[in-house]
Amino acid sequence: MRSRVLAARSRARGITLIECVIAVAIVAALMSIALPSFGEAMARARLRAAAQDLALDLGNARLESVRPGAGLVHVSVRAGANWCWSVGTVVDADCHQPPQGTLHVARSDDYPGVVLTRGVDTHFDGRDTLAPAGFAAEFELAQGQQLRVQVTPLGRAIVCAPQGGSRDFPRCS
């Protein structure tokens with residue numbers, strides 16, 4: 001009888017409660033280390049997305065301006081806490097109440113944690129060969145990372161890092 005009980009115990013395999021608690025503790029420790037860096041990575045991704053989306057909207061405005069009959073296409077940029085930008089045919093458009101003819105609007109709510117510190121309105125005219133080159137906008141995170149969007153003389157929007165040190169974008173010139 002005793003040998004049957006011992007044989008049954010030796011055949012019973014599984015994990016004990018102690019092993020399960022240790023595994024959960026290890027996972028919790030790893031998560032507590034990874035979570036802060038994950039939050040920073042998400043903030044950097046939102047900063048990158050805001051700058052790239054404005055560059056894309058500037059490129060789309062340039063393309064829209066050369067479409068037959070399009071005329072001027074304006075990009076209105078509003079900096080500050082409740083920042084936004086809009087692309088359309090209306091000069092100095094309010095991007096919180098976009099008028100008829102607005103092609104695209106982006107708001108600070110779309111990119112939480114990202115601040116548009118400076119911005120300049122620009123326009124594209126398909127009849128001109130050169131675009132108004134220069135500074136377009138600068139985005140910043142609370143941690144201090146910055147990205148800038150600039151327009152080249154040929155009308156191409158580029159994203160650069162004013163402080164350098166970005167693996168994704170070149171240093172602004």
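Annotations for the structure displayed:
- Relative contact order, percent, the chain [alpha-carbon distance under 8 Å, six or more residues apart]: 18
- Summing charges over neighbours of S76, with a neighbour being any other residue whose Cβ is under 12 Å away from its Cβ, gives -3 when K and R count +1 and D and E count -1.
- Derived scalar couplings ³J(HN,Hα) [the stretch 37-46; Karplus, 6.51 cos²θ - 1.76 cosθ + 1.60; whole Hz; x for Gly, Pro]: 5, 5, x, 5, 5, 5, 5, 5, 5, 5
- Highest GNM mean-square fluctuation among L54, L154, L116, for the chain modelled with Cα contacts below 10 Å: L154.
- Sites excluded, trypsin sites (Lys or Arg not before Pro) in DSSP loops with at most 14 other C-beta within 10 Å, longest stretch of the chain: 14-126
- Here the chain carries DSSP beta bridges of which approximately 95% are antiparallel, counting only pairs with both residues inside.
- In degrees, nearest ten, helix 2-11 long axis to first principal axis of the chain (Cα): 10
- Entry note: the stretch 41-173 has Rg to Rh equal to 0.97, where both radii use alpha-carbon atoms and Rh is the Kirkwood radius.
- Two-site FRET efficiency, S37 against A81, from Cβ-Cβ distance with R₀ of 25 Å, rounded to 0.05: 0.40
- Surrounding net charge for L103, when Lys and Arg each add one and Asp and Glu each subtract one, Cβ distance under 10 Å: -2
- Among A34, A157, A23, residue whose mean-square fluctuation peaks in a GNM of the chain (springs only between Cα atoms under 10 Å): A23
- Build a GNM of the chain with springs between Cα atoms under 10 Å apart, and of A45, A25, A142 the one that fluctuates most is A25.
- Using the Karplus relation 6.51 cos²θ - 1.76 cosθ + 1.60 with θ = phi - 60°, the per-residue 3J(HN,Hα) values for the stretch 14-29 come to x, 9, 8, 4, 4, 4, 5, 5, 4, 5, 5, 5, 5, 4, 5, 5 Hz, with x marking Gly and Pro.
Computed from the coordinates by the stated procedures, all read-outs in this text should not be read as laboratory data. Every value quoted in this text rests on a predicted model; they were computed, and no experiment measured them. Here the Cβ is made from the backbone with ideal geometry for all residues, glycine too, and neighbour counts use every protein chain on show.
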